[in-house]
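The values are calculated or read from the model by the stated rules, or taken from the named source; none is laboratory data. From a predicted model like this one, the values you see are computed outputs, not experimental measurements. Here the Cβ positions follow ideal geometry from the backbone for every residue, glycine too, while neighbour counts run over all protein chains shown.
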Amino acid sequence: MSVPEFLDTNILVYAYDSSDRKKQQAAQQLVLRAIAGEIVISTQVLAEFAVTLLHKASPPAAPKDVAAVLEILAPIPVILPDADIVRRAVEARERYGVHFYDGMIIAAAERGGCRQIWSEDLNRGQSYFGIVVGDPFKS
């Protein structure tokens, strides 16, 4: 069994957003792998994705459309937050200087046994608690 990878919120957003077709295609390939069970996400990622579509997209998506997209994403394994993940996020903040919510992403990926986080927001190539960040939009 392979060790899973982790998708950050921005990958889901790009998979949905057609304004940059190259990024959308790269993100969609990762989402397909996630639906196949090769990549995990967290509850936080789903919540941030829903907030982005409902409140930050232009125009905002209709709640029924967001619910439909979330249904498509339902097969993706989800890491649930708990007190230990919050504590580890605080450790990530102290050790790496990341924003607390990025620390939550790192802690969830660690909980999932991931070796890589796919993200445009974290530092590409950096290792956080042994998990390396990859940016699927840069070669």
Inter-residue pairs, beta-carbon under 8 Å, first surrounded by fewer than 19 Cβ atoms within 10 Å (Cβ to Cβ) and in segment 11-33, second assigned to a helix (DSSP H, G or I) and charged (D, E, K, R), 6+ apart: Asp17/Lys23
Residue in segment 37-57 that is touching a strand residue (DSSP E or B) at 6+ places or on another chain (Cβ under 6 Å) and small (Gly, Ala, Ser) present: yes
Residues of segment 45-65 that turn out to be surrounded by 12 or more Cβ atoms within 10 Å (Cβ to Cβ), of a type in the set (D, E, K, R) and farther than 21 Å from Phe137 by Cβ, as a count: 1
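Could you go through segment 34-44 and let me know if any residue there is surrounded by 11 or more Cβ atoms within 10 Å (Cβ to Cβ), free of Cβ contacts under 8 Å to residues at least 24 places away in the same chain and assigned to a helix (DSSP H, G or I).
No, the conditions are met nowhere in segment 34-44.
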Wholly within segment 45-139, helices (runs of 4 or more DSSP H) carrying at least 3 residues that are of a type in the set (D, E, K, R) and more than 14 Å from the chain's Cα centre (by Cα): 63-73, 83-96
Pairs where the first residue, in segment 110-139, is more than 20 Å from Arg21 (Cβ to Cβ) and the second is in a loop (DSSP other than H, G, I, E, B) and of a type in the set (Gly, Ala, Ser), C-beta under 7 Å, 6+ apart: Val132/Gly125; Val133/Ser119; Val133/Gly125
Any chance Gly97 is farther than 20 Å from Ala27 by Cβ, out of contact with any Leu (no Cβ under 7 Å at 6 or more places or on another chain) and at pLDDT 95 or above: yes
Flag if Ile117 is closer than 14 Å to Leu12 by Cβ, surrounded by 12 or more Cβ atoms within 10 Å (Cβ to Cβ) and modelled with pLDDT of 95 or more: yes
Every pair of residues 6+ apart whose Cβ atoms lie under 7 Å, when the first sits in segment 55-84 and is farther than 16 Å from Thr9 by Cα while the second is not charged (D, E, K, R): Pro60/Leu54; Ala61/Leu53; Ala61/Leu54; Pro63/Leu54; Pro75/Ile35
Residue tally, condition of a type in the set (S, T, N, Q) and within 25 Å of Gly103 (Cβ to Cβ), over segment 29-71: 4
